[in-house]
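Since the structure comes first, as structure tokens, the remarks are kept for the end.
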Amino acid sequence: MTLEERIARLEAIEDIKRLKARYWYACDHKDVEGVRDCFMDGPIEIDYAGSTGKVGHRDELRAVFEKGALRASIVELHHGGPPRIEIVDETHAKGVWSLYYHLMDTERRVINHVGGYYHDEYTKVDGEWRISKTRFEVVSAVTYRAKDDAVRVLHAGAGLPEAR
């Protein structure tokens, strides 16, 4: 591999890291258009574990966000870990990211901590990397409820709780 090819590969990896950081930041700040713009236009595959379900086009993300994240009482933090990014060719890449996700519903007084892995595929469109496929694999989940001065564990396990 030439020096130019090695530099291009490293630049692609850095671009993809910035893309994922932008995605998580937009999620945390309830920026639906920012989240949408991280994905490729046209048919894509998004599989957020649990009741969130699957999405086949970036324009469908608004409904996912309206269902849960856009309420003022929802406070979220996505904290991603070191990625393993593989550049397949000049316009395609794959990545696996660890994620620690914290969600607090101040109205219901429920806190969720979820750990897992994003399995992503990326496509470079018009010189910009976009997510073309993502699947979140839950590894651990804990749900707490605060009531009065007590905190109670509602769920702890290797997967998400059943929808209620």
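The values are calculated or read from the model by the stated rules, or taken from the named source; none is laboratory data. Just so it is clear, the structure is predicted and the values come from calculations on it, not from any experiment. Ideal geometry is used to build each Cβ from the backbone, glycine not excepted, and the neighbour counts take in all protein chains shown.
A few comments on the model shown:
- Residue match in the stretch 42-62 (condition: among the β-branched types (Val, Ile, Thr), at pLDDT 95 or above and either more than 20 Å from residue 22 (Cβ to Cβ) or over 13 Å from the mean Cα position of the chain (by Cα) (or both)): yes
Residues are listed down the side, and each one gets a yes or a no for (1) surrounded by 14 or more Cβ atoms within 10 Å (Cβ to Cβ); (2) farther than 22 Å from residue 41 by Cα; (3) touching a Phe, Trp or Tyr at 6+ places or on another chain (Cβ under 8 Å); (4) of a type outside the set (D, E, K, R):
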{"position": "72", "(1), (2), (3), (4)": "no, yes, no, yes"}
{"position": "85", "(1), (2), (3), (4)": "yes, no, no, yes"}
{"position": "90", "(1), (2), (3), (4)": "no, no, no, no"}
{"position": "93", "(1), (2), (3), (4)": "yes, no, yes, yes"}
{"position": "110", "(1), (2), (3), (4)": "yes, yes, yes, yes"}
{"position": "117", "(1), (2), (3), (4)": "yes, yes, yes, yes"}
{"position": "120", "(1), (2), (3), (4)": "yes, no, yes, no"}
{"position": "130", "(1), (2), (3), (4)": "yes, no, yes, no"}
{"position": "150", "(1), (2), (3), (4)": "no, yes, no, yes"}
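- Any hit, the stretch 138-145, residues being closer than 30 Å to residue 8 by Cβ and surrounded by 15 or more Cβ atoms within 10 Å (Cβ to Cβ): no
- Candidates 64, 139: the one that is of a type outside the set (D, E, K, R) and assigned to a helix (DSSP H, G or I) is 64.
- Within the stretch 17-38, residues that are in contact (Cβ under 8 Å) with a residue 24 or more places away in the chain have Cβ atoms under 7 Å from residues that are part of a helix (DSSP H, G or I) and of a type in the set (Phe, Trp, Tyr) in these pairs: 32/65; 35/23; 38/23, counting only partners at least 6 apart in sequence or on another chain.
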